[in-house]
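Undergrad: My questions all concern the structure below.
The values are calculated or read from the model by the stated rules, or taken from the named source; none is laboratory data. If you're wondering where the values come from, they're calculated on a predicted model, not measured in any experiment. Reconstructed Cβ throughout: ideal geometry from the backbone, glycine too, with neighbour counts over all protein chains shown. Calculation scope for accessible area: heavy atoms of the full protein, side chains included, ligands and nucleic acids excluded. Shrake-Rupley method; radii C 1.70, N 1.55, O 1.52, S 1.80 Å.
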Amino acid sequence: MEKRRLVLTFPASLVGEPITYKLVKDYDIIINILKAQITQEEEGKLVVDLQGNANNLKDAITYLKNLGVTIQPLKKDVRMNKNKCTHCTVCVTVCPTNALVVDRKTMTVKFIPEKCIACELCIPACPYKAMEILL
Ligand code: SF4
Ligand code: SF4
């Protein structure tokens, strides 16, 4: 069994299609959905762990790509630029793993790198560009 942690972006035309059902039924994939959201552009975004044997995973990913789903592997190095952060808390609401939390004592937003799965949902959410990907 192999596991891949991915961000899947579905165009608006595919939102509502039973794609996860097909992944389970046709490709024998175990799906753990870590986060699901509809963006302002009405795209669907899923952060998922896909688990299955290597061939099935490969075929499932090909199936998704052929449908028009954009697949991004998770990048590892996300950081908060403390010089830019205004502690507005917008990112706290989008983070699926509580890697961004409000410290009630100081009323500041803290980034906990050990909890970050690098899903990148906070990157476009931050109005001050304070969440960064290290390349
Ligand atoms: S959205 Fe950006 S500015 Fe606001 S708390 Fe998060 S990192 Fe800081
Ligand atoms: S990339 Fe951002 S939203 Fe995703 S887990 Fe890390 S801190 Fe949370």
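Undergrad: Could you identify which residue out of Pro18, Pro73, Pro113 has the top mean-square fluctuation in a GNM of the chain using Cα springs shorter than 10 Å?
TA: Of Pro18, Pro73, Pro113, the most mobile in the Gaussian network model is Pro18.
Undergrad: To continue, here is another question. Write down the accessible area per residue of the chain in Å², having rolled a 1.4 Å probe over the full set of protein chains.
TA: 62
Undergrad: Which pairs, out of Lys65/Lys115; Lys22/Lys115; Lys58/Lys110; Lys35/Lys65; Lys58/Lys129; Lys22/Lys58, put more than 26 Å between their alpha-carbon atoms?
TA: Numbers: Lys65/Lys115 29 Å; Lys22/Lys115 30 Å; Lys58/Lys110 37 Å; Lys35/Lys65 20 Å; Lys58/Lys129 34 Å; Lys22/Lys58 14 Å.
In this structure, Lys65/Lys115; Lys22/Lys115; Lys58/Lys110; Lys58/Lys129 exceed 26 Å between Cα atoms.
Undergrad: How large, in percent, is the carbon and sulfur part of the accessible surface of the chain at a probe radius of 1.4 Å? Each step should come with its number before you reach the end.
TA: Working: 4210 of 8340 Å².
Accessible surface attributable to carbon and sulfur in the chain totals 51 percent.
Undergrad: Just to confirm a number: summing +1 for Lys and Arg and -1 for Asp and Glu over residues other than Val48 whose beta-carbon lies under 11 angstrom from that of Val48, what do you get?
TA: Working: positive: Lys3, Arg4, Arg5, Lys35, Lys45; negative: Asp49.
My count for the surroundings of Val48 gives +4.
Undergrad: On a full-extension model of 0.36 nm per residue, what is the gain between Glu132 and Tyr21, subtracting their alpha-carbon distance, rounded to one decimal in nm? Let's see the in-between values first.
TA: Details: separation 111, 0.36 × 111 = 39.96 nm, distance 3.38 nm.
Computed gain between Glu132 and Tyr21 is 36.6 nm.
Undergrad: Exactly which trypsin sites (Lys or Arg not before Pro) in segment 86-128 are in a DSSP loop and have at most 13 other Cβ atoms within 10 Å?
TA: Those satisfying the criteria are Arg104, Lys105.
Undergrad: A further question follows. Placing +1 at every Lys and Arg Cβ and -1 at every Asp and Glu Cβ, with all other atoms neutral, what dipole size does segment 2-73 have around its Cα centre, in debye to the nearest 20? Before the final figure, lay out each step's value.
TA: Details: 9 positive and 9 negative charges, 45 e Å.
In total the dipole reaches around 220 debye.
Undergrad: For n ≥ 4 DSSP H runs only, could you compute -39500 (n - 2.57) per run for the chain, divide by its residues and tell me the 222 nm figure to the nearest 500?
TA: Details: 4 runs with 32 residues, N = 135.
Calculated from helices alone, the mean residue ellipticity at 222 nm is -6500 deg cm²/dmol.
Undergrad: Still on this structure, please answer the following. Determine how large the accessible area of Glu42 is when every protein chain is in place; take a 1.4 Å probe and give Å² rounded to the nearest 10.
TA: 120
Undergrad: Could you work out how much longer the chain between Val101 and Ala36 gets when fully extended? Use 0.36 nm per residue separation minus the Cα distance between them, nm to one decimal. Numbers along the way, then the final one.
TA: Working: separation 65, 0.36 × 65 = 23.40 nm, distance 1.91 nm.
Residue separation times 0.36 nm, minus the Cα-Cα distance, leaves 21.5 nm.
Undergrad: Now a separate question. No partner Cβ under 4.7 angstrom, meaning no disulfide-compatible partner by this rule: which Cys of the chain qualify?
TA: Cys85, Cys88, Cys95, Cys116, Cys119, Cys126 - these cysteines have no disulfide-compatible partner (Cβ-Cβ under 4.7 Å) in the chain.
Undergrad: Evaluate the charge dipole of segment 78-133 about its Cα centre and quote only its size in Debye, nearest 20, assuming +1 on the Cβ of each Lys and Arg and -1 on the Cβ of each Asp and Glu.
TA: On the way: 8 positive and 4 negative charges, 43 e Å.
For segment 78-133, the charge dipole is close to 200 debye.
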